[in-house]
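Worksheet for the structure shown next.
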Amino acid sequence: VKARAALLTLSLLVAALAGCVGSRSYVVADSLKYPVSLSSGVRGPDGKLLAISDTEKVGTFHLDYTSCRMLWTIVPLKSGTRDISDDVNEQVPRKNGEAIVNLSVESSATAWNLMTIIGILPDCSKVRVRGDIVARSSVLEAPVAAAEATP
Amino acid sequence: MKRSISRLTLLLVALSVSGCAAMLNGTEQDVTVHGYPNRTRLKMTDSGGAVVYDGPSPGQVKLRRKETYKLTVSRPGFSPETVTVASSTNWVWLIPAFTITGPFEIISFANGSVKEFDENGIEVTIFGEGRRPAGAVVFEP
């Protein structure tokens, strides 16, 4: 019985220490005004894929935030789910862009990771969202009146 | 033997008075400069007017950390933009100032080693003539 109890205690201890570092965050975009693509492809107003040569990068979309959770990442404390719609809708028109392509999401460690000993404690991760803001070359180079008429 | 010890001592003294940031960071930084959209031309000058880079985008430049630069981005049919590019202090380099080498860190502050340009590079967007949108952001330092 003693051996079983020791084994159980050891198992619980290992379980408690496992997966104790980091956080978890879901990135959503529920109210976008502009198309966003994880690949280099994006559809034009007619629904057809635009050739890469038809678009030009006009800027970089960037968003950095910190996500915090506790109890083995079960309980969200900060930015458990992050809607990036407002950031996209604000940054794209500031560059005269029409869409975002090559959207990427990366997470990395924070100083919290060093301080968290077991999963029950709060822990945080940095999340970095990047993308290329693009516009059609034809729109960028069009005369002002023609460009304004383009939907 | 005595000469070797003297040289080693001199080297250690020189290193200790150089300042931590000066030793590890250096006084110059490699920076990538992007002009958007495609086919833009970049011209970068230092505060004395000397041309640091004049060519197509993107450009790779070696900038002095304590220097301020002017960057002009242009393309036919687009309104050219000139922005001021400056480094900012990385406060991590303040930590050594509170160690035993603290007094010597003044050298790091004097030669600009504690400063850094944006590690993601410098990015400037220009707009077609008459096409600059409201709230446009050309450059985010």
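The values are calculated or read from the model by the stated rules, or taken from the named source; none is laboratory data. Keep in mind the model is a prediction, meaning the values are calculated, not measured. Quick reminder, even Gly has a Cβ in these numbers, built from the backbone with ideal geometry, and neighbours come from all protein chains shown.
Yes/no matrix, rows are residues, columns are (1) without any contact (Cβ under 8 Å) to a residue 40 or more places away in the chain; (2) of a type in the set (D, E, K, R); (3) touching an Asp or Glu at 6+ places or on another chain (Cβ under 9 Å):
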site	(1), (2), (3)
A:ASN102	no, no, yes
A:ALA111	yes, no, no
A:THR116	no, no, yes
A:LEU121	no, no, no
A:ILE133	no, no, yes
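Scanning segment A:64-71 for residues that are under 25 Å from B:GLY128 (Cβ atoms) and modelled with pLDDT of 80 or more turns up nothing.
Within segment A:65-81, is there a residue that is surrounded by 14 or more Cβ atoms within 10 Å (Cβ to Cβ) and either within 14 Å of chain B (Cβ to nearest Cβ) or of a type in the set (Asp, Glu) (or both)? No, every residue in segment A:65-81 fails to be surrounded by 14 or more Cβ atoms within 10 Å (Cβ to Cβ) and either within 14 Å of chain B (Cβ to nearest Cβ) or of a type in the set (Asp, Glu) (or both). Screening A:VAL42 with (1) under 19 Å from the mean Cα position of the chain (by Cα); (2) on the phi > 0 side of the Ramachandran plot; (3) of a type outside the set (Phe, Trp, Tyr) gives one miss only, at (2). Considering (1) within 14 Å of chain B (Cβ to nearest Cβ); (2) closer than 27 Å to B:GLY130 by Cβ; (3) in a helix (DSSP H, G or I), the lone condition that A:ILE100 does not fulfil carries the number (3). Sort out which residues of segment B:104-141 are in contact with a helix residue (DSSP H, G or I) (Cβ under 7 Å, 6 or more places away or on another chain) and more than 14 Å from every other protein chain (Cβ to nearest Cβ), and write them in order of number. Listed by number, the residues that qualify are B:PHE104, B:GLU105, B:ILE107, B:SER108, B:ASN111, B:SER113, B:VAL114.
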